[in-house]
Amino acid sequence: MSSTFSGFYIAKSGIQAARANLQITGQNMTNVNTTGYTRQRVDSYSVGPTGSNMRYSGGNLAIGNGVYCSGTSQIRDPYLDIRYRAEHAYVGKTDVQLDTLSDLEDIFDESSKDGLSAQFSDLITQLNTLASSPTYSSENIVKNSAMLLTKAFNSASQQLSKIRKEQTKSLQDDAITKVNNLLKNIAHLNQEIKSSEISGTSALELTDQRNTMIDELSKYANIEVSTETVDVGSGRSVSELHIDLVSGDQKFSLVANGDYSEFSMTTDSGTGYVTMALKDTAGNAVPARDSDGNIIKDADDNPIAMTNADLTEGAFGGYLSMLNESGEFDSASAERGLGYYEKMLDKLAVDFADTMNKANSTNDAGDNKPLFTTTDGTSTTGITAGNISISTAWNTATSTYITATKQTGDVDTSSKGDNVLYMINQLGKDKTYTTNDDNTGGTTLFTTSIDSFISDLSVSVLALQKSDINRQNTTYNSTLTEIDTQRASVSSVDINEEGINLIMYNQSLTASSRFMTTLDEALDTIINKMGIVGR
């Protein structure tokens with residue numbers, strides 16, 4: 001049989017369990033509006049009866065010994081965390097891409113302001129006037145319009161360079177700095193949590209802080225979070241947390257309990273392209289590892305380090321795609337980043353200058369009377385949107401410089417204006433542009449005319465690209481919100497549910513207290529009132 005006083009232990013454990021549950025309920029209710037807080041619960045189990053060897057068992061009734069509270073834990077679904085962090089990386093990438101494309105729209109979308117397209121239209125208008133009246137006065141107006149067009153080219157190029165500098169600075173000063181701080185802080189929290197667990201102290205609030213940081217980190221790259229159980233002696237063990245950057249079958253360690261890695265970047269001064277690296281705190285490149293944790297080496301037996309190709313997701317992937325990729329100029333699968341629009345703008349500037357220079361030439365080589373050159377006013381080669389300018393000869397001419405009559409055999413210097421009409425025709429003539437400089441061979445970009453190039457680039461390319469990225473971003477955000485709602489339904493505090501728990505655990509405390517009082521009364525009867533009849 002159970003001992004006389006065993007019931008008191010049962011009552012005591014019930015009171016302690018009820019008090020612990022009331023305190024946890026109060027903690028949950030207090031933090032109902034705390035960002036990142038995860039609902040907590042008391043881990044308890046029923047204590048079985050004291051057993052004895054079956055050989056000597058007396059067959060007496062065995063009754064349990066109450067309830068034991070082993071600790072506290074969080075109510076959290078790891079699977080939803082994995083889904084949330086994977087989806088967050090998609091959102092991070094499309095957020096950066098949308099931000100860059102919106103800046104590009106300010107350059108190429110001319111629905112609300114006059115830009116290159118408007119200046120092309122003005123030049124054609126002035127050329128038509130010159131064709132009907134090829135005089136020096138009319139040509140001077142054409143020259144001024146052409147000069148404004150070259151300034152518009154220069155300005156657009158400068159704005160593209162500004163966007164590149166801003167995005168590069170954002171990657172360096174905001175994204176990389178923030179991620180490195182997150183990695184450092186997560187590693188520090190890992191050590192604090194481990195120390196708390198070793199000492200037997202609950203570290204759930206620190207775990208909440210760490211989970212919030214991991215969620216934020218998942219926006220920047222495709223990460224994988226795992227835990228490893230480590231023996232700390234005396235029959236006790238604790239969990240150590242690891243975070244890896246995942247790229248296909250390769251993994252790069254970001255955080256390994258108290259150790260962490262750091263991202264860095266370098267920028268090519270010529271192209272503006274960015275190269276990112278991952279190193280440990282000692283400055284050594286973090287090696288790639290396989291799923292078993294083995295270091296992966298190249299053909300020369302050197303450990304493989306992280307490259308840009310390993311950062312295709314998250315905000316890092318968005319920055320690298322916008323800063324380093326040039327669409328069809330690179331490959332069919334490359335993103336249309338800043339390089340694509342820089343090359344397209346340069347292609348337009350080169351084609352425009354070449355067309356006008358050849359149309360104005362009086363020789364078969366098409367180079368003796370250039371209208372447009374580089375900024376120094378002399379060279380017709382190496383023209384870009386950033387350096388296109390009207391030629392020095394045309395700029396300083398004190399009489400008519402534009403060839404008025406269309407070139408057929410020997411040039412007739414009469415003032416019929418046929419050649420000016422030919423120029424206008426060439427500017428409005430459709431042609432197919434390719435990735436090659438001479439537009440022969442290579443990958444086809446699109447077919448349009450010089451004067452419609454910018455509007456077609458804005459509507460047919462940029463607007464469609466932004467629409468596609470925006471659609472993806474909306475879908476990813478919707479999915480992320482849905483997953484976060486599911487996480488909240490599991491992990492967040494429901495004030496109504498906690499109110500019910502408050503009543504339930506209070507009743508449990510009252511019942512256990514009443515049970516102890518009842519046992520006390522029964523024991524008093526056994527000790528003080530049994531066997532007194534007849535005395």
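Read the figures in this text as sums done on the coordinates, not as results from a lab. Keep in mind that what you see is a predicted model, and the values were worked out from it rather than measured. Using ideal geometry, Cβ is built from the backbone for each residue, glycine included, and neighbour counts are taken over all protein chains shown.
Calculate how large, on average over all directions, the projected area of the Cα convex hull of the range 340-404 is; give the answer in nm² to one decimal. Walk me through the numbers on the way to the answer.
Details: hull surface 17.3 nm².
Orientation-averaged projected area of the Cα hull: 4.3 nm².
Rounded to the nearest 0.05, what FRET efficiency is calculated for ASP231 and LYS297 with R0 set to 25 Å and r the Cβ-Cβ distance?
Details: r = 31 Å, r/R0 = 1.23.
According to the calculation, E is roughly 0.20.
I need the per residue convex hull volume for the range 235-360, using only the alpha carbons, in cubic angstrom as a whole number. All intermediate terms of the calculation are to be shown ahead of the outcome.
Details: hull volume 19.8 nm³, N = 126.
Convex hull volume per residue, Cα atoms: 157 Å³.
For the range 1-46 and the range 76-104, what is the separation of their C-alpha centers, rounded to whole Å?
What the calculation gives is 39 Å, centre to centre.
So which lysines pass the test for LYS369, namely a Cα distance under 18 Å, with those fewer than 8 places away in the same chain ruled out?
LYS143, LYS358, LYS406
Can you give me the distance in nm between label points at ASN477 and SER155, each placed 7 Å from the Cα along the Cα-to-Cβ direction?
Label-label distance for ASN477 and SER155, simple model: 3.1 nm.
Full-extension gain between THR432 and SER331, please, as 0.36 nm times their residue separation minus the C-alpha to C-alpha distance. Numbers along the way, then the final one.
Values: separation 101, 0.36 × 101 = 36.36 nm, distance 1.84 nm.
Contour length minus the Cα-Cα distance gives 34.5 nm.
Which pairs in the list LYS219/LYS466; LYS429/LYS466; LYS165/LYS251; LYS178/LYS343; LYS219/LYS297; LYS162/LYS184 are over 24 Å apart, alpha-carbon to alpha-carbon? Could the numbers behind the result be given before it?
Values: LYS219/LYS466 20 Å; LYS429/LYS466 28 Å; LYS165/LYS251 31 Å; LYS178/LYS343 32 Å; LYS219/LYS297 29 Å; LYS162/LYS184 32 Å.
Exceeds cut-off: LYS429/LYS466; LYS165/LYS251; LYS178/LYS343; LYS219/LYS297; LYS162/LYS184.
Separation between the TYR68 and ASN439 pseudo-spin-labels, each 7 Å from Cα along Cα→Cβ, expressed in nm?
My value for the distance between the label points is 8.4 nm.
Want the number for TYR136 to GLU521: 0.36 nm per residue separation, take away the alpha-carbon distance, what's left? Numbers along the way, then the final one.
Working: separation 385, 0.36 × 385 = 138.60 nm, distance 12.18 nm.
Taking 0.36 nm per residue and subtracting the Cα distance, the gain is 126.4 nm.
Can you pull the percent of Cα pairs in the chain with separation above 29 Å?
On the way: 96900 of 142845 pairs.
Roughly 68 percent, rounded to a whole number.
Going by how many other Cβ atoms sit within 10 Å of their own, how do MET504, MET356, MET530 line up, fewest first?
Fewest-to-most ranking of MET504, MET356, MET530: MET530, MET504, MET356.
What percent of all Cα-Cα pairs in the range 491-535 falls in each 5 Å bin, counting up from 0?
All Cα pairs considered, the percentages come to 5, 18, 13, 12, 11, 9, 8, 7, 6, 5, 3, 2, 1, 0.
What ranking of ARG487, ARG164 emerges when the number of other C-beta atoms within 10 Å of each C-beta is taken as an exposure proxy, fewest first? Walk me through the intermediate numbers first.
Working: ARG487 19, ARG164 23.
Result, fewest neighbours first: ARG487, ARG164.
Sticking to Cα atoms, compute the Rg of the range 377-535 to one decimal and its Dmax as the biggest Cα-Cα distance, whole number, in Å.
45.1, 152
For THR510 paired with THR212, estimate the spin-label separation in nm (one decimal), with each label point 7 Å from Cα along the Cα-to-Cβ line.
3.7 nm
Going through the DSSP H helices of the chain, which span 18 Å or more along their own axis at the Cα atoms while scoring at least 0.0 as a mean Kyte-Doolittle hydropathy?
On the way: long enough: 6-30 (36 Å, -0.09); 78-108 (45 Å, -0.43); 116-132 (24 Å, 0.49); 136-169 (49 Å, -0.73); 177-198 (32 Å, -0.49); 204-217 (19 Å, -0.65); 338-360 (33 Å, -0.38); 463-491 (41 Å, -0.97); 495-528 (49 Å, 0.04).
Helices meeting the span and hydropathy rule in the chain are 116-132, 495-528.
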